[in-house]
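Single-structure report; data block below.
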Amino acid sequence: MFGPIFALLLLTLVLEIYLFIEVGSAIGAGWTLLLMFATAFWGMSRMRSQGMSVLAEAQAAQKQDRAPLAAVGHGVLIIMGGVLLILPGFFTDTLGLGLMLRWTRLLVLESVMAMVLPQLMRGFQARQPSDPQSPDADPKQTPADIIEGEFRVEDDER
């Protein structure tokens, strides 16, 4: 588990250093530093404004007696995007900017759900008792009670 994470961090570090050198040689060291500070401040302000809109979305969902799951997912990705924008580097800034865009967050949420939900469903199916004498067994549950379906993350503001 530690090996792939370390390799990813090392690759990111090497890519950031390479991009710093390339951009610095193209526009100069002063402009490169100014650009780094500008993206950090922009990231903090954008994180705040986007966070407030997601908070309003979550409150509206709660008033309608709906679970604010989409808003929570967007909120987590906005925080991640803001942190990536605050970190110095052009690669992390590009990733952070991508997470500040709503359609990109929808793609990320849908991809994560496509990876996580099947594993969760397999976990729930594995926990179902096979022994009818088990105290957790539901005598009424039959294979006909299982409903299969698909999911899709949709944007509420259409």
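Nothing in this text is a laboratory measurement; each read-out follows from the coordinates by a stated rule. None of these values were measured; they are calculated from a predicted model. Cβ atoms come from the backbone with ideal geometry, glycine included; neighbour counts cover every protein chain shown.
Tally the residues that are outside any helix (DSSP H, G or I) and among the polar types (S, T, N, Q), restricting the search to region 51-89.
Keep residues of region 51-89 that are outside any helix (DSSP H, G or I), which gives 64-68, 87-89.
Filter once more, so that each one left must be among the polar types (S, T, N, Q): 64.
Residues that pass the stated criteria total 1.
Of the numbered criteria (1) under 27 Å from Glu110 (Cβ atoms); (2) touching a Phe, Trp or Tyr at 6+ places or on another chain (Cβ under 9 Å); (3) touching a residue at least 60 places away in the same chain (Cβ under 8 Å), the one Glu57 fails is (2). Take Gly89 and tell me if it is surrounded by 13 or more Cβ atoms within 10 Å (Cβ to Cβ) and at negative phi. No, not satisfied. Annotation note: Cβ proximity below 6 Å between a residue of region 21-50 that is without any contact (Cβ under 8 Å) to a residue 12 or more places away in the chain and in a helix (DSSP H, G or I) and a residue that is polar (S, T, N, Q) and surrounded by 12 or more Cβ atoms within 10 Å (Cβ to Cβ) (sequence gap 6+ or interchain) occurs for Gly24/Thr32.
Name the residues in region 21-57 that are touching a Ser or Thr at 6+ places or on another chain (Cβ under 7 Å) and under 29 Å from Trp103 (Cβ atoms), would you?
Of the residues in region 21-57, the ones touching a Ser or Thr at 6+ places or on another chain (Cβ under 7 Å) are 23-24.
Answer for region 21-57, where residues must be touching a Ser or Thr at 6+ places or on another chain (Cβ under 7 Å) and under 29 Å from Trp103 (Cβ atoms): just Val23.
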